[in-house]
Amino acid sequence: MSYKITVPSASAPPPANDDGRLSSCASSDSEVEDDDNYSDWASTFGDALRTKSLFDETVLDTPELALKYDAEMHGFELGKESERLGLDMFGRIRLINLIRNAGLNKDQIAALSPSDALWKDDNLLIPVIPDDPLLQYDPDDSWSDDDELDAPAAAGPSKAIAQTAEAEDGRVSQLEAELEKARKDLAAMRLLVSKTVGEDDDDESEAPATTGGDDVKGKGKGKMVERDDDTHYFHSYEENDIHEIMLKDTVRTVSYARFILSNPKVFKDAVVMDVGCGTGILSMLAAKAGAKHVYAIEASGLAVKARENITKNGFKDVITVVQGKVEDIELPVKHVDVIVSEWMGYMLLYESMLDSVLVARDRFLAPTGLMAPSQTRLVLSAITGEREWRDRVEFWNSPYGFDLSTMQGPQFGEGSTEVVDKEEVVTTEAIVRDINSHSATIKSLDFHSSFVLKSTTSSPTTIRALLTHFDTFFSPHSGAEKSHVPPEEDVQILPFGDDEYKSPVTPLQPKDGQEGVPVSFTTGPRGKYTHWKQVVFLLRESITLDKGEEIVGKFYCKKSPTNSRELDVEIHYTVQKSGDSDVQGEREFTVQAFKVR
């Protein structure tokens, strides 16, 4: 990152001669040495105070100068805005980090409200810029470095020496005052860290606290500091890149748009909740379809930009953006009629966002309400995996003539996101999890399921990997029973253009005798590429599958115990002749474990 540096002069320049050239003056060795020592100290301390503008790349010498710059160049005054929003020290820190993280402009900041949930979001206490001096700046601090120490122009030699010494003393006193302020700021930041990680406690008794190493004694609850799986996850959705990728995924976005716009009976005059609204695209589609009101829930700082998008498109009176986790928020209504959410991650369940959608359902959905999507299926198949094996395993055998095969190991323990050609799939598909959004529970998302993958080739085939993808269904009917698509009914495989985002989506018309328009899409190799791709699990031991044979086994999936957003997968498999599932006696299964992260 490049910076423009603005360096205001710390003191008046030397006097100029009559011809305008700077005059030179002799100094004793001791004076030069003292100046050098002072300069080293001042330089080191000054670097720590350099502060980046809230709105551009300019870096100034002090927080005060940075705030003055932002006021003059961008018309933003942090103090006045903090006062308008009723922010205390921690609220001001949240505001600074929000501006830096979300790239807010003056108008977006003006749209913030004192009642916004983000002023209670402790994720915003984490500095965007490490050691940001602006976070430590106290506008109410009484000391000032504006005192002028300049000596009078006319002075005798002895008086000038005294004034020089006095000026040096003044500068030392000033730096001592700055150092004292830094100590106070450090104490305040310690308090902030204590508040953030939850170490403060009114209980004065000592108790062991686990820190990941040796047990230590100290004040507090005596519990391990709660693990935070959410901060990075939510911050990752504040960047534009991920939303551009998702919006350009026409399979994803057009499918949602088709369902919403093609089912006016579902959305007309309905109260809708959009869980994880992002840019606000699904909320605006619901409003366009005639929703009475939409509550757009967004836990990340992107909520500010979503609010602006909604205002620019004329939906401000119909859509309310609520920043916060759906587990924590409150709404002015008891129930909503529809919950729409794009919650799916890699291998369907990665990121664990479905947990939050199910919480929203249990808290807010009316008894006759509708979930969109209504159903998803996690699907397993087997592939030749020749390209994946060549790129991720054989590659390490002799790059540039060196044996780096030690690096192959991790390839067999990580599921990798890949785009697989449909020609690589050499077995039937097996549904290993069928999730109905109306009836699923969070507990049911950790599961194991039996599978059978039958060979679809006419000759022996080498299988080097197993593959997962998911199918998604939208039903215009509410309730688990009416909305459910049976396993024997296939997903729709429709064409999607790469540039369909360039124009509004056209609604579909219901077929004769059909009540509403169901929509579905696949992320598998049979359909068009999506940003979810597929997840490939490379096998340590390849399988030779002949015509009439099948791979049977069990697929285990659960949230990782070290990060609830990640998945632990274990696959047990063996090969048998088709129809031999009832064979008695012991059989040997190969077991391989993977991480999806």
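A straight chain from S560 to A480 at 0.36 nm per residue would run longer than the Cα-Cα distance by 26.0 nm.
May I ask you to compute the full-extension gain from E488 to T441, defined as 0.36 nm times their residue separation minus their alpha-carbon distance, rounded to one decimal in nm? Provide the component values of the computation, followed by the final result.
Details: separation 47, 0.36 × 47 = 16.92 nm, distance 2.35 nm.
Using 0.36 nm per residue and subtracting the Cα-Cα distance, I get 14.6 nm.
Placing a pseudo-label 7 Å from each Cα along the Cα-to-Cβ vector at K292 and D88 gives an inter-label distance of 3.9 nm.
Judged by the gyration tensor of its Cα atoms, with axes a ≥ b ≥ c, segment 356-466 is prolate; a/c meets the 1.5 cut and a/b is the larger of a/b and b/c.
Near K292, the amide H atoms lying under 5 Å from its own belong to D269, A270, V271; only residues 5 or more places off or on other chains count, and H is placed 1.01 Å from N. Taking every alpha-carbon pair under 8 Å whose residues sit at least 6 apart, segment 231-536 reaches a relative contact order of 22 percent.
In this structure, the residue pairs whose Cα-Cα separation is over 19 Å, taken from K68/K106; K248/K511; K502/K533; K106/K288; K325/K533; K52/K120, are K248/K511; K502/K533; K106/K288; K325/K533; K52/K120.
Ranked highest first by the average count of other Cβ atoms within 10 Å around their residues, in what order do 462-473, 247-258, 477-488 fall?
Details: 462-473: 23.9, 247-258: 20.2, 477-488: 14.0.
Packing proxy ranking, top to bottom: 462-473, 247-258, 477-488.
So if the hydrodynamic radius of segment 289-332 is defined as the Kirkwood radius over C-alpha pairs, what does Stokes-Einstein give as its diffusion coefficient at 4 °C and 1.567 mPa s, in µm² per second? Stokes-Einstein gives a translational diffusion coefficient of 119 µm²/s. Modelled spin labels at K511 and Q576, positioned 7 Å past Cα toward Cβ, are 3.7 nm from each other. Expressed as a whole percent, the accessible surface of segment 320-450 that belongs to carbon and sulfur atoms is 52, based on a 1.4 Å probe.
Given charges of +1 on the Cβ of Lys and Arg and -1 on the Cβ of Asp and Glu, with all other atoms neutral, how large is the dipole of segment 231-536 about its Cα centre, in debye to the nearest 20?
740
Label points 7 Å out from Cα along the Cβ direction at D403 and F589: separation in nm? The two pseudo-label positions are separated by 3.6 nm.
Within segment 51-135, the percentage of alpha carbon pairs spaced more than 21 angstrom apart rounds to 20%. Between A71, T58, I96, the Cα set farthest toward the positive side of the dipole of segment 51-135 (charges on each charged residue's Cβ, about the Cα centre) is that of I96. Full extension of the segment from D107 to I129, taken as 0.36 nm per residue of separation minus the current Cα-Cα distance, would add 5.6 nm. Pairs of Cα atoms nearer than 8 Å and 6+ residues apart set the relative contact order; for segment 51-135 it is 31 percent. Rolling a 1.4 Å probe across the protein heavy atoms gives segment 413-570 an accessible surface of 49 Å² per residue.
Decide, for segment 231-536, between rounded, prolate and oblate: order the square roots of the alpha carbon gyration tensor eigenvalues as a ≥ b ≥ c, take rounded if a/c falls under 1.5, and otherwise choose prolate if a/b is larger than b/c, else oblate. Judged from the Cα gyration tensor, segment 231-536 comes out prolate (a/c at least 1.5, a/b above b/c).
Here segment 51-135 is treated with +1 on each Lys and Arg Cβ and -1 on each Asp and Glu Cβ, and its dipole about the Cα centre works out to around 200 debye. The distance linking segment 61-113 with segment 276-333 is 24 Å (Cα centroid to Cα centroid, whole angstrom).
How large is the accessible surface per residue of segment 51-135, computed with a 1.4 Å probe and reported in Å² as a whole number? Don't skip to the answer; put the middle values down first.
Values: 3670 Å² over 85 residues.
The answer is 43 Å² per residue.
Only protein atoms count toward the accessible area here, which uses a 1.4 Å probe; on segment 534-597, the carbon and sulfur part of that area reaches 43 percent. Applying the criteria of a DSSP loop state and at most 13 other Cβ atoms within 10 Å to the chymotrypsin sites (Phe, Trp or Tyr not before Pro) of segment 546-597 yields F589.
The values are calculated or read from the model by the stated rules, or taken from the named source; none is laboratory data. Computed from a prediction, not measured in an experiment: that's the story for all the values here. Reconstructed Cβ throughout: ideal geometry from the backbone, glycine too, with neighbour counts over all protein chains shown. Calculation scope for accessible area: heavy atoms of the full protein, side chains included, ligands and nucleic acids excluded. Shrake-Rupley method; radii C 1.70, N 1.55, O 1.52, S 1.80 Å.
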